[in-house]
Amino acid sequence: MAGAAEHGRSRRGRARVPYDVFWAAPESKAAWDELSEPVLEAIARCDAERLEVERSRVAPQVRERITAPVYSVADRFASWERLVRRMEPGWSSDDFYPISAYDNDLDSRDALDEVMRALPAEAREGGLGQLLTRLDARFRAATLPDPERSLRPWVRPTNERPEAELGEWWKRKPVRVPWAE
């Protein structure tokens, strides 16, 4: 059954549904559709670097099967948008969202700062930069300052840094808690 995956089937013979990185992230999808070729090429370079990082963390027999990064630039934007939408009034979904996913999404937001610095000015000042600015503003509107860091026992950044160096998203708490829905 080695060729099943190549033919769009899982090892159990069921048809695979292609993964849509932009599920429930329409603004990210719209921004992606408008990106210029030079920006897309720069994103591809960021994704290639991320792929090597991810492949370096697994056994050799698994490494060769990984052909795309789990944490691509598109995935990080879509994850940030989905988190923001989850916290806004009116979100309804049956998908399970544990508190551990929240810190993963905040880590993804950290990575977006690094990615944006690596992209050309056209991306930072254009559609992607504007999208990130809008999503960040919506995040602030759906959260409250959390000076006592009340979520810290459950929500911690992956990379150890002094509190002063953490992005503002680590210092806020949701008004509408997405993991309690």
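The values are calculated or read from the model by the stated rules, or taken from the named source; none is laboratory data. Small disclaimer: the values here were computed from a predicted structure and weren't measured. Note: ideal-geometry Cβ built from the backbone for every residue, glycine included; neighbour counts use all protein chains shown. For the accessible areas, the whole protein counts, side chains as well, though only heavy atoms, and no ligand, DNA or RNA atoms are used. Shrake-Rupley method; radii C 1.70, N 1.55, O 1.52, S 1.80 Å.
Screening the range 19-44 for residues that are charged (D, E, K, R), at pLDDT 95 or above and more than 21 Å from M87 (Cα to Cα) and picking the one that is most open to solvent (accessible area, probe 1.4 Å) gives E34.
Do the conditions hold for D94, that is, is it out of contact with any helix residue (DSSP H, G or I) (no Cβ under 8 Å at 6 or more places or on another chain) and within 23 Å of S72 (Cα to Cα)? Considered against the rule, which asks whether it is out of contact with any helix residue (DSSP H, G or I) (no Cβ under 8 Å at 6 or more places or on another chain) and within 23 Å of S72 (Cα to Cα), D94 comes out as no. Considering each residue of the range 76-88 in turn, none proves to be of a type in the set (A, V, I, L, M), surrounded by fewer than 19 Cβ atoms within 10 Å (Cβ to Cβ), part of a helix (DSSP H, G or I) and out of contact with any strand residue (DSSP E or B) (no Cβ under 6 Å at 6 or more places or on another chain).
Quick grid of which residues meet (1) more than 13 Å from D103 (Cα to Cα); (2) basic (K, R); (3) open to solvent by 80 Å² or more (accessible area, probe 1.4 Å):
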residue	(1), (2), (3)
E125	yes, no, yes
L128	yes, no, no
L131	yes, no, no
A142	yes, no, no
E148	yes, no, yes
T158	no, no, yes
P162	yes, no, no
K173	no, yes, no
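Can we say W91 is more than 19 Å from E168 (Cβ to Cβ), open to solvent by 20 Å² or more (accessible area, probe 1.4 Å) and either β-branched (V, I, T) or not in a helix (DSSP H, G or I) (or both)? Yes; evaluated as a whole, the condition is true for this residue.
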